[in-house]
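Novice: Below is the structure I would like to discuss, written out as structure tokens.
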Amino acid sequence: MTNEPRQLTLAIAKGRILKEAIPLLAAAGIVPGEDLDRTRRLIIPTSNAFVRMVIVRASDVPTYVEYGGADLGIVGKDTLLEYEGDGFYEPLDLRIAPCRLAVASQDPGFAALPRLRVATKYAAVTRKHFAQKGLQTEIIKLYGSMELAPLVGLADCIVDLVDTGNTLRANGLLEVEQICAITARVIVNKATMKTKHAVTVDLLQQLERAANGPA
Ligand code: PRP
């Protein structure tokens, strides 16, 4: 028996990841104590007395976890690739919210342009991807609706998440290249792994079992 602290704060990315995480968390015995569609509370207790949730923007999840504002986080691999930090562990792929990070354009011949203008919210990933191909890029940083940029002449192509491909199709864009497959991951604060080891490992095992589905 140890005296280590047992309360864990779990930061979850708003939107699709949260939606898909809720059933998985329920299977791991963690049900929010409030109606998430209605509550204005920012810290949500759960049915597991040792776990409370905070629901934040995806790009803020790594920050909360790295600096200890949350012990664990559930966030997309896209956000982690862009964050580029190593201030946390990434022990588990929940395999929820699957999609891909891809390059899309109206014109499949766009790569022949001397200096590409690429609209994206993934500036670091995009710069690295095109640099590896020896292509010079000017990154146009956007925060949403990337698909609009080529349509109004703001960019030659975009780098964005693609799931069904419906948004690209609806806007006459072609998926020209897949950069990588994306799923939601669990990240853990490094100090938490030491100071709350037993309860953290226990939660990770429950989440892993839930992600693997019924035996
Ligand atoms: C994401 C992504 C695409 C769309 C892809 O946007 O940025 O726009 O989903 O999905 P599809 O291939 O199934 O059409 P989201 O709706 O999550 O909003 P965002 O623009 O704020 O990221």
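The values are calculated or read from the model by the stated rules, or taken from the named source; none is laboratory data. Because the structure is predicted, anything quoted here is derived from the model rather than measured. Note: ideal-geometry Cβ built from the backbone for every residue, glycine included; neighbour counts use all protein chains shown. Heads up: the accessible areas ignore ligands, DNA and RNA and are worked out on the full protein's heavy atoms, side chains in. Shrake-Rupley method; radii C 1.70, N 1.55, O 1.52, S 1.80 Å.
Novice: May I ask you to list the residues in the range 71-91 that are modelled with pLDDT of 95 or more and part of a loop (DSSP other than H, G, I, E, B)?
Specialist: Within the range 71-91, just 71 meets the criteria.
Novice: Can you pull out every residue in the range 155-193 that is out of contact with any strand residue (DSSP E or B) (no Cβ under 8 Å at 6 or more places or on another chain) and touching a residue at least 60 places away in the same chain (Cβ under 8 Å)?
Specialist: Residues satisfying the conditions are 172, 191.
Novice: Look through the range 1-36, keep the residues that are modelled with pLDDT of 95 or more and basic (Lys, Arg), and return whichever of them is surrounded by the fewest Cβ atoms within 10 Å (Cβ to Cβ).
Specialist: Looking at the filtered set, the residue picked out is 19.
Novice: Given the structure, is residue 122 modelled with pLDDT of 95 or more, under 16 Å from the mean Cα position of the chain (by Cα), within 21 Å of residue 187 (Cα to Cα) and assigned by TED's automatic domain parsing to the domain that holds residue 168?
Specialist: It is true that residue 122 is modelled with pLDDT of 95 or more, under 16 Å from the mean Cα position of the chain (by Cα), within 21 Å of residue 187 (Cα to Cα) and assigned by TED's automatic domain parsing to the domain that holds residue 168.
Novice: Now for a different question. For the range 122-144, name all the residues that are within 18 Å of residue 79 (Cβ to Cβ), surrounded by 13 or more Cβ atoms within 10 Å (Cβ to Cβ) and touching a helix residue (DSSP H, G or I) at 6+ places or on another chain (Cβ under 8 Å).
Specialist: Passing the criteria: 122, 123, 124, 125, 139, 142.
Novice: For residue 179, only one of the following conditions fails: (1) over 30 Å from residue 53 (Cα atoms); (2) not in a strand (DSSP E or B). What is its number?
Specialist: Failing condition for residue 179: (2).
Novice: So, residue 185, is that one in a helix (DSSP H, G or I) and either within 16 Å of the ligand (Cβ to nearest atom) or surrounded by 14 or more Cβ atoms within 10 Å (Cβ to Cβ) (or both) or not?
Specialist: Here the answer is no, as residue 185 does not meet what is asked.
Novice: Are any of the residues in the range 132-139 farther than 21 Å from residue 60 by Cβ and touching a residue at least 24 places away in the same chain (Cβ under 8 Å)?
Specialist: The answer is yes; a qualifying residue exists.
Novice: In addition: Filter the strands (runs of 3 or more DSSP E) completely within the range 1-63 down to those with at least 3 residues that are in contact with a Pro (Cβ under 9 Å, 6 or more places away or on another chain) and away from the ligand (no atom under 16 Å from the Cβ).
Specialist: Because the criterion is at least 3 residues that are in contact with a Pro (Cβ under 9 Å, 6 or more places away or on another chain) and away from the ligand (no atom under 16 Å from the Cβ), the strands (runs of 3 or more DSSP E) in the range 1-63 that meet it are 51-56.
Novice: It is to be established whether one or more residues within the range 156-172 are in a loop (DSSP other than H, G, I, E, B), more than 16 Å from the ligand (Cβ to nearest atom) and modelled with pLDDT of 95 or more. Explain how you work it out, then say what you get.
Specialist: The initial filter retains those residues of the range 156-172 that are in a loop (DSSP other than H, G, I, E, B), namely 156, 163-165, 171-172.
Now narrow it down to the ones that are more than 16 Å from the ligand (Cβ to nearest atom): 156.
Next, from what is left, pick out any that are modelled with pLDDT of 95 or more: 156.
Yes, the conditions are met somewhere in the range 156-172.
Novice: Go through (1) away from the ligand (no atom under 16 Å from the Cβ); (2) farther than 18 Å from residue 186 by Cα and name the single condition residue 87 misses.
Specialist: (2)
Novice: Follow-up question, since we're still on this one. Given the options 134, 68, 144, name the one that is more than 16 Å from the ligand (Cβ to nearest atom), out of contact with any Gly (no Cβ under 7 Å at 6 or more places or on another chain), outside the structural domain of residue 26 (by TED's automatic domain parsing) and not in a helix (DSSP H, G or I).
Specialist: 134
Novice: Residues 94, 113, 101: which one is at pLDDT below 95 and of a type in the set (A, V, I, L, M, F, W, C)? Quick ask: steps written out before the conclusion?
Specialist: On the way: 94 fails: at pLDDT below 95; 101 fails: at pLDDT below 95.
None of the other options fit; the residue is 113.
Novice: Additional query: In the range 195-215, what residues are open to solvent by 20 Å² or more (accessible area, probe 1.4 Å) and of a type in the set (Ser, Thr, Tyr)?
Specialist: Hit for the range 195-215 is 195, nothing else.
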